[in-house]
Structure formats: C-alpha cells, structure tokens
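Colleague: Here it is, the structure in full.
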Amino acid sequence: MTENLNEMEMELKDRLSLIENMIAEGRRGTESWGWVFLLWGVAYYVAILWSSTSFLGPIWGRQYLAWPVTMSLSCVLTIVIGARKQGKRPSTTISRAIAAMWMAMGISMFILLLSLGISGRVEQQVFIAIIAAMLGTTNAASSFILRWKVQFACAVVWWAAAVISLFSNVTQSSLVFLLAIFLCQIVFGVYGMVAEARSRRQGAIHA
C-alpha cells in the first residue's frame, strides 16, 4: 500500500514537473517572438500616421487602405521571418496553441479593419476600443497559459486603453492608444528580445 502511494506521488510530481517545464519552454518561446511585438508596434504607428495623413499622394492619400495594407504586409513579414526562425526551434503543444491564438486574433483584426475601412463607418474612439480590447484579450489568454505576469500587465494596459477611449475625446483616445502601443508592443517586444538574449548567454555558459 505504501509503495503504491509512493509511486503515485512520484508520478504526480513527474507530471507537475513536466507541466512546469512546458510552461517555461512556452514562455521562452514567446520571448523569442519579441521581435514580432516590436514589428507590429511599428506597423501600428505606420498605419496611424498613414490613416491620419492626406497629403502623401494618390495612393498613400487613400486613408481607408492604411490599416488593411499595413496589417497585410506585417502578416507577410511575420510569416516569412517566423518560418526561418521557427526552423531553428522545436515546436511544442503550448507554443502551437499560443501561435494559433494570435493567428486567430490577427485574422479577426484584418477582417474587421478591412470592413471598417471600406464601409467608412469608423468612429475613432470605438475603433480604438475594439482593437485594444482584442489585443487585451489575446495577451491575457497567453499570460494565463504561460503564467506570465508581465504579459498580463500588457493586457491590463490594453483593457484600460479600451475603457478610457470610450470616455474621452478623439485626441485623448489617440494619445492613450499610442501610449498602449509603446508599452505593450515596443517595450514588451524589446523586453522579450533582451530576455531571449540573456537565456542564450546563460545556455552558452552552462554548455
């Protein structure tokens, strides 16, 4: 009886250890995608600049194309660069789940932005609130899976931006959105890249 209990305890510890290792590996995998957050942060800034500018010529002056075109190019760059980097790193169940979640969010955002751009039914505060809420949801889901407080902080910032946007004027909502992009895309992306570089150095030292 005692031996069976000990075996069950050891098996439970092994399973918990496996889960913890999978979560840790998933977090390291997300850190290795820090460049994606940085890329999309820059893409958001480009789209915002383009959509708010009407003196850049016949094509660039078509403001309704700003978000769909910018997001499409960002998707292509993400897929091309990501495919080359992914080949150097084994895929795990958690990493595939995280990637699928972000891909689903990206597709939803593309469809939404394209439809809003073509229809012209865009109220800026509502537009910002929707985008911020979608990004907050995806960051939160990822942070729950990875047990990552830093990424959950990003989710809180996006949710706060969504709420503030609905209770502010156009200028205030724009400033809040720009700040959220800087903190949750640029800063978080750089943080992930630095964390990945630190992990590589530690791995090289241990090796």
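The values are calculated or read from the model by the stated rules, or taken from the named source; none is laboratory data. Computed from a predicted model, the values in this text were never measured in an experiment. Neighbour counts run over all protein chains shown; Cβ positions are idealised from the backbone, glycine included.
Colleague: From the residues in region 138-163 that are among the β-branched types (Val, Ile, Thr) and modelled with pLDDT under 95, which one is surrounded by the most Cβ atoms within 10 Å (Cβ to Cβ)?
Modeller: My answer is Thr138.
Colleague: What is the one condition in (1) surrounded by fewer than 20 Cβ atoms within 10 Å (Cβ to Cβ); (2) touching a residue at least 12 places away in the same chain (Cβ under 8 Å) that Arg201 does not satisfy?
Modeller: Tallying (1) surrounded by fewer than 20 Cβ atoms within 10 Å (Cβ to Cβ); (2) touching a residue at least 12 places away in the same chain (Cβ under 8 Å), Arg201 fails exactly one: (2).
Residue-wise test of (1) in contact with a strand residue (DSSP E or B) (Cβ under 7 Å, 6 or more places away or on another chain); (2) within 17 Å of Ala47 (Cβ to Cβ); (3) in contact (Cβ under 8 Å) with a residue 12 or more places away in the chain; (4) outside any helix (DSSP H, G or I).
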{"site": "Ala100", "(1), (2), (3), (4)": "no, no, no, no"}
{"site": "Ile128", "(1), (2), (3), (4)": "no, yes, yes, no"}
{"site": "Ala141", "(1), (2), (3), (4)": "no, no, yes, no"}
{"site": "Ala161", "(1), (2), (3), (4)": "no, yes, yes, no"}
{"site": "Gln172", "(1), (2), (3), (4)": "no, no, no, no"}
{"site": "Leu179", "(1), (2), (3), (4)": "no, yes, yes, no"}
{"site": "Cys184", "(1), (2), (3), (4)": "no, yes, yes, no"}
